[in-house]
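Working notes for the structure below.
The values are calculated or read from the model by the stated rules, or taken from the named source; none is laboratory data. Values in this document were obtained by computation on a predicted structure and should not be read as measured data. Every residue, glycine among them, receives a Cβ derived from its backbone with ideal geometry; neighbour counts consider all protein chains shown.
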Amino acid sequence: MLDLQPSLFEAAVDDGPAFGPLAGHVRRTTLTRGAWVDHLPGWLSGADQLFAELVDTVPWRAERRQMYERVVDVPRLLSFYGEHDTLPHPLLEEGREQLGDHYEPELGERFRTSGLCYYRDGRDSVAWHGDRIGRGRNEDTMVAILSLGEARRLLLRPNGGGAGRTLGFSLGHGDLLVMGGSCQRTWEHAVPKSARPCGPRISVQYRPRAVL
């Protein structure tokens, strides 16, 4: 059962979902060792409408992964779209193009693939990690995240952690976060479980070719 608490801003949107401008609105935070993050709250207005459509139309799948000596359920649902796949909603295509237009001069390439994660409630999560299976292991790159649905905390910390060095963003209802520079190999990020009641959230991750 879908139980999403709309934001007050979303309730005032009458014209359907729409992306706002990026240039002059994204706020950059410089981290350490060549890493940075860009943050833009409410980049997509009317985002709760898109969230509801994606819940019903995306072919979500559950996965199981080896964890030490046992196989466990991945605590979220997933869907992946390669660079030649059609995304499940035209707005996701539009968002990818806008991100490419804005970041290509700095990145040197465009965003090509999209991964969607469905966090059904506060029990769903993702552990500390960096997107470094592919080129992110050795190269500077970017990963852009569009958050839909109820806000959840995304945390970042330098590799190895350290007291007082964790940075957090509350992301939902159309917010954008872009991790860039060396972020994938020198920092880690996570969406921890929530002890309080928490509604569903979808994370849309845009990546360049061969960044996983």
Conditions (1) in contact (Cβ under 8 Å) with a residue 12 or more places away in the chain; (2) loosely packed, with under 13 Cβ neighbours inside 10 Å: number failed by Pro41: (2)
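So, in region 17-38, exactly how many residues are without any contact (Cβ under 8 Å) to a residue 60 or more places away in the chain and touching a helix residue (DSSP H, G or I) at 6+ places or on another chain (Cβ under 7 Å)? Give the derivation first.
First, pick out the residues of region 17-38 that are without any contact (Cβ under 8 Å) to a residue 60 or more places away in the chain: 18, 20-21, 24-25, 27-28, 30.
Imposing the further condition that a residue be touching a helix residue (DSSP H, G or I) at 6+ places or on another chain (Cβ under 7 Å) reduces the set to none.
Residues meeting the conditions: 0.
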Test: residue in region 113-134 that is touching a helix residue (DSSP H, G or I) at 6+ places or on another chain (Cβ under 9 Å), among the aromatic types (Phe, Trp, Tyr) and without any contact (Cβ under 8 Å) to a residue 60 or more places away in the chain: no
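Conditions (1) under 27 Å from Arg64 (Cβ atoms); (2) in a helix (DSSP H, G or I); (3) of a type in the set (S, T, N, Q); (4) modelled with pLDDT of 95 or more, marked per residue:
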site: Glu104; (1), (2), (3), (4): no, yes, no, yes
site: Phe111; (1), (2), (3), (4): no, no, no, yes
site: Leu116; (1), (2), (3), (4): yes, no, no, yes
site: Ala163; (1), (2), (3), (4): no, no, no, no
site: Phe169; (1), (2), (3), (4): no, no, no, yes
Neighbours by Cβ (under 8 Å, 6+ apart or cross-chain): first from region 199-212, farther than 21 Å from Arg123 by Cβ; second surrounded by 19 or more Cβ atoms within 10 Å (Cβ to Cβ) and acidic (Asp, Glu): Arg207/Asp131; Val211/Asp131; Leu212/Asp131
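Among the listed residues Asp85, Asp48, which satisfies the condition of being of a type in the set (Asp, Glu), closer than 30 Å to Trp36 by Cα and over 18 Å from the mean Cα position of the chain (by Cα)? Spell out how you get there, then give the answer.
Values: Asp48 fails: over 18 Å from the mean Cα position of the chain (by Cα).
It is Asp85.
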